[in-house]
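Presented below is the structure to which this report refers.
The values are calculated or read from the model by the stated rules, or taken from the named source; none is laboratory data. This one's a predicted model, so the numbers in the text were calculated from it and none came from an experiment. Methodologically, a virtual Cβ is constructed for each residue, glycine included, from the backbone with ideal geometry; neighbour enumeration extends over all protein chains shown.
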Amino acid sequence: MTDRRLAKTPHEQIQGRVVRVDSRMCHVDTPKGTISCRVRGILFKQEKQFSRPVAVGDEVLIEERQTPPALVVKILPRRTYLARRKAGGRTRQIIAANIDQAIMVLAVANPQLNPRLLDRMLVAAEHGEFEPIIVLNKVDLLIDQADLTPICELYRTLGYRVVLTSTVSGAGIDELRLLLKDKVSVLTGMSGVGKSALLTSIQPDLALPSRQVSAATGKGKHTTTHASLIPIEVGGYVVDTPGIREFGIIDMEPWEVGHHFVEFRPYLSQCRFRTCTHDHESHCAVKAAVDADEIDAYRYDSYTRILTTVRNESL
Ligand SMILES: Nc1nc2c(ncn2[C@@H]2O[C@H](COP(=O)(O)OP(=O)(O)OP(=O)(O)O)[C@@H](O)[C@H]2O)c(=O)[nH]1
Ligand SMILES: [Mg+2]
Ligand SMILES: [Zn+2]
């Protein structure tokens, strides 16, 4: 006679890493291989902060069922995450979790280089506490590469690594591949800057979708629709994310923004007010440093723009 209670014994739980997320399903890399899972409904209800409870990179516990699919039953605490605010809305979306470094890809042309966007991305990376690496792609489109010297110098002086690449000439690809080795890296940047093309250059058999930038608008078409974690031959994973049109700065108090500008940090303790936002306050060491040319005026201008966004978002 069968003991009916046996059928109800708790299911065995397996730990794995989410490598792909579709609307309600996700694919989890486990010691038993990649398993397709449904996300337990309660996790959607419990999620207050983000539009979806599971992101690529998440470490999760899953339970296999007699009839597939398996079930994601628990999301383990995240070490880091990269998130954005959905365009036009207030819901936040996690792009990837538990990542070591963010490869911030910008094109030097087509679409046009946007250092304001770069500063926003850097703030998000500093806030998320992962290492940012700046990749300036499509250098083959420049007649004179010396045009990039000021921007390279500015960000290198701040301590960031800046890599110049071209998927056409192959410049910088070996350097980028070495930087990716044994790390979990997220590639982020506007649509059409060449994220997928860079991954294909690093490892041709990744065969990711890549399409032409719209000639009419100069904007890339939204080619990559689902983020996924891709194992690479040299070791590690990369995350190719859908293009980011609006890179939201989220979950931040106005006074925190200055902490994410690395060059402000030495001055912060010298401002009179601990919660100084370095725009209207008196006795502000950051503003004094800008006036003394110790802090780059362009970066300070980026700062004030981001501060305005953060203030509006926290209203
Ligand atoms: N000239 C030139 N074109 C490039 C380079 N890298 C990529 N492209 C082109 O730029 C276009 C967009 O490249 P993708 O790799 O699809 O861009 P993406 O960042 O993945 O875009 P989304 O998936 O939409 O976010 C394609 O037509 C590529 O061939 C480069 O180094 N030089
Ligand atoms: Mg792509
Ligand atoms: Zn100040």
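Computed quantities for the displayed model
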item: I95, sole failed condition from (1) in contact with a Phe, Trp or Tyr (Cβ under 9 Å, 6 or more places away or on another chain); (2) at pLDDT below 90; (3) not assigned by TED's automatic domain parsing to the domain that holds R161; (4) not basic (K, R); result: (3)
item: Residues of segment 47-62 classified as over 23 Å from T34 (Cβ atoms) and either surrounded by 14 or more Cβ atoms within 10 Å (Cβ to Cβ) or without any contact (Cβ under 8 Å) to a residue 40 or more places away in the chain (or both), total; result: 4
item: Search result, residues across segment 27-46 that are within 14 Å of V73 (Cβ to Cβ) and surrounded by 15 or more Cβ atoms within 10 Å (Cβ to Cβ); result: V28, T30, I35, C37, R38, V39, R40, L43
item: Conditions (1) in a helix (DSSP H, G or I); (2) away from ligand 3 (no atom under 12 Å from the Cβ); (3) under 19 Å from P132 (Cα atoms): number failed by M252; result: (1)
item: Matching strands (runs of 3 or more DSSP E) fully within segment 129-188 where at least 2 residues are farther than 16 Å from V108 by Cα and β-branched (V, I, T); result: 183-188
item: Pair list, Cβ < 6 Å and 6+ apart or interchain, from segment 255-271 residues that are more than 17 Å from M121 (Cα to Cα) to residues that are outside any helix (DSSP H, G or I) and not acidic (D, E); result: W255/T275; W255/T277; C271/C284
item: Qualifying residue in segment 173-187 (condition: more than 16 Å from ligand 3 (Cβ to nearest atom), without any contact (Cβ under 8 Å) to a residue 60 or more places away in the chain and at positive phi); result: yes
item: Some residue of segment 228-236 being more than 16 Å from ligand 2 (Cβ to nearest atom), at pLDDT 90 or above and out of contact with any helix residue (DSSP H, G or I) (no Cβ under 7 Å at 6 or more places or on another chain); result: yes
item: Yes/no for E126 being closer than 21 Å to R92 by Cβ and of a type in the set (D, E, K, R); result: yes
item: Qualifying residue in segment 63-84 (condition: farther than 18 Å from R38 by Cα, of a type in the set (D, E, K, R) and surrounded by fewer than 18 Cβ atoms within 10 Å (Cβ to Cβ)); result: yes
